[in-house]
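J.: Sharing a structure with you now.
The values are calculated or read from the model by the stated rules, or taken from the named source; none is laboratory data. What you see is a predicted model, and the numbers here were worked out from it, not measured in a lab. Methodologically, a virtual Cβ is constructed for each residue, glycine included, from the backbone with ideal geometry; neighbour enumeration extends over all protein chains shown. With ligands, DNA and RNA removed, areas are computed over all heavy atoms of the protein, side chains included. Shrake-Rupley method; radii C 1.70, N 1.55, O 1.52, S 1.80 Å.
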Amino acid sequence: MAATCQIMCDSTCDFTAEQAERENIRILPFHYVEAGKPDGGLSGDDDLFQSRSAHEFYDAIRRGAMPMTSQPSQLEYDEAFQAAYESGVPTVMFCISSGLSGGYQGACASLERLKEAHPNEEVRIYVIDSLIASTSLTLLLEEACRQRDAGLNAEQLVMWAEEARYHVHTIFMVDNLDALHRGGRLPKGVAVIGDALDVKALLHFNLDGTLGIRGVARGRKKGIRKIVDFFEKTRELEPYGHVVAVGDADAPDDGYAVASVLREFDPELAVSRPTIGPTIGSHVGPGMVSCCFWGHDRRSDKQISKVKGVTRG
């Protein structure tokens with residue numbers, strides 16, 4: 001049976017190129033560049049680690065590389081949406097959280113131009129602000145593919161996604177907060193205090209898609225334990241069952257440690273192990289470990305710990 005709609009996503013999801021092809025998803029790449037380097041430094045398109053391996057990318061950061069990221073250009077959005085329009089297949093575009101990047105706004109601006117160019121025709125292309133990113137966007141996108149394959153049309157998929165995004169729970173630990181500060185995702189005071197106290201920050205997504213602090217832990221082992229504790233206390237089996245995504249930024253031992261403990265807690269648990277891609281990796285640096293799963297509607301939470309940052313590409 002032919003799909004009722006096609007799915008697009010920017011490269012801030014943690015799909016592999018093979019997975020994107022298998023699921024028939026068009027990936028629109030972000031870009032990363034190390035400014036001021038005569039040879040370009042650590043630069044390229046976020047092609048889901050096809051040009052360089054994850055280890056090569058993160059090892060360059062360990063050696064001092066400091067890449068910055070940019071969203072797709074307006075021309076890139078225009079070309080992608082024009083191709084989707086000409087295909088005649090309704091399209092749903094999933095974007096990184098508007099609380100972290102201007103990608104959603106860029107996609108919306110491009111879509112508006114396309115609609116203005118075809119004022120008398122129905123343009124069935126839709127742009128979704130996921131309000132999440134990276135491993136959590138991977139989890140949402142994987143389920144979106146299942147919903148599409150089960151028969152949801154574009155409009156139904158949009159309605160589903162705009163509710164489902166609030167049921168994705170995320171907790172992730174980073175080795176060093178400085179990279180997030182440099183990219184404008186954390187204020188300097190938070191980064192300095194965290195690094196000075198030698199604590200590992202445990203972060204999550206607020207309802208508006210910005211980053212919030214869930215807690216702190218002294219050392220990675222205690223941080224991993226807190227990640228597992230959060231999963232055990234928060235996850236729900238309905239409506240999507242025993243599913244969790246555990247991502248890492250060139251820290252496979254820690255990722256597998258989290259996955260192993262989770263499987264002990266729930267032997268039926270299906271654990272996917274995505275690798276944090278170059279766009280997000282440029283901001284979190286090597287060593288990040290994330291745990292994302294389905295749970296209650298986060299809009300019912302009474303408290304939101306917000307860490308304001310600058311919205312960038």
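This table checks each residue for (1) assigned to a helix (DSSP H, G or I); (2) buried (at least 20 other Cβ atoms within 10 Å of the Cβ); (3) at pLDDT 95 or above.
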| residue | (1), (2), (3) |
| --- | --- |
| Leu141 | yes, yes, yes |
| Leu152 | no, yes, yes |
| His169 | no, yes, yes |
| His181 | yes, yes, no |
| Asp198 | no, no, no |
| Ala201 | no, yes, no |
| Leu207 | no, no, yes |
| Lys222 | yes, no, no |
| Gly241 | no, no, no |
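J.: A follow-up question, please. Sort through Leu186, Leu137 and tell me the only one that's under 26 Å from Gly223 (Cα atoms), out of contact with any Lys or Arg (no Cβ under 8 Å at 6 or more places or on another chain) and modelled with pLDDT under 95.
T.: On the way: Leu137 fails: modelled with pLDDT under 95.
Only one candidate passes the filter, namely Leu186.
J.: Check whether at least one residue in the range 244-253 is within 19 Å of His169 (Cα to Cα), without any contact (Cβ under 8 Å) to a residue 24 or more places away in the chain and open to solvent by less than 30 Å² (accessible area, probe 1.4 Å), and report yes or no.
T.: No: the range 244-253 contains no residue that is within 19 Å of His169 (Cα to Cα), without any contact (Cβ under 8 Å) to a residue 24 or more places away in the chain and open to solvent by less than 30 Å² (accessible area, probe 1.4 Å).
J.: Filter the range 52-68 for residues that are surrounded by fewer than 17 Cβ atoms within 10 Å (Cβ to Cβ), assigned to a helix (DSSP H, G or I) and either touching a Gly at 6+ places or on another chain (Cβ under 9 Å) or of a type in the set (A, V, I, L, M, F, W, C) (or both) and give the result.
T.: The answer is Arg62, and nothing else.
J.: Does at least one position in the range 74-84 carry a residue that is hydroxyl-bearing (Ser, Thr, Tyr), within 17 Å of Val33 (Cβ to Cβ) and either modelled with pLDDT of 95 or more or loosely packed, with under 14 Cβ neighbours inside 10 Å (or both)?
T.: There is no residue in the range 74-84 that is hydroxyl-bearing (Ser, Thr, Tyr), within 17 Å of Val33 (Cβ to Cβ) and either modelled with pLDDT of 95 or more or loosely packed, with under 14 Cβ neighbours inside 10 Å (or both).
J.: Could you grab me the full set of residues in the range 86-121 that are of a type in the set (S, T, N, Q), without any contact (Cβ under 8 Å) to a residue 60 or more places away in the chain and within 30 Å of Thr210 (Cβ to Cβ)?
T.: Gln105, Ser110 - these are the residues of the range 86-121 that are of a type in the set (S, T, N, Q), without any contact (Cβ under 8 Å) to a residue 60 or more places away in the chain and within 30 Å of Thr210 (Cβ to Cβ).
J.: Among the residues of the range 1-32, which ones are part of a strand (DSSP E or B), out of contact with any Leu (no Cβ under 8 Å at 6 or more places or on another chain) and not basic (Lys, Arg)?
T.: Gln6, Leu28, His31
J.: Continuing with this model, one more query. Based on this model, can you work out whether Phe49 counts as aromatic (Phe, Trp, Tyr), part of a loop (DSSP other than H, G, I, E, B), in contact (Cβ under 8 Å) with a residue 24 or more places away in the chain and under 24 Å from Leu152 (Cα atoms)?
T.: No.
J.: Shifting gears a bit: If you go through the range 14-42 one residue at a time, how many are touching an Asp or Glu at 6+ places or on another chain (Cβ under 8 Å), modelled with pLDDT under 90 and surrounded by 12 or more Cβ atoms within 10 Å (Cβ to Cβ)?
T.: So the answer is 1.
J.: Further question: If you take the residues in the range 127-139 that are of a type in the set (A, V, I, L, M, F, W, C) and surrounded by fewer than 24 Cβ atoms within 10 Å (Cβ to Cβ), which one is nearest to the chain's Cα centre (by Cα)?
T.: This residue is Ile128.
J.: Taking the conditions exactly as written (outside any helix (DSSP H, G or I) and either open to solvent by less than 40 Å² (accessible area, probe 1.4 Å) or not acidic (Asp, Glu) (or both)), does Val261 satisfy them or not?
T.: When the stated conditions are applied, Val261 does not pass them.
J.: Here's something else I'd like to know. Does the range 109-121 contain at least one residue that is surrounded by fewer than 21 Cβ atoms within 10 Å (Cβ to Cβ) and under 17 Å from Ser70 (Cβ atoms)?
T.: Taking every residue of the range 109-121 in turn, at least one turns out to be surrounded by fewer than 21 Cβ atoms within 10 Å (Cβ to Cβ) and under 17 Å from Ser70 (Cβ atoms).
J.: Could you say which residue among Gln71, Gln6, Gln105 is within 19 Å of Gly277 (Cα to Cα) and open to solvent by 10 Å² or more (accessible area, probe 1.4 Å)?
T.: Gln71
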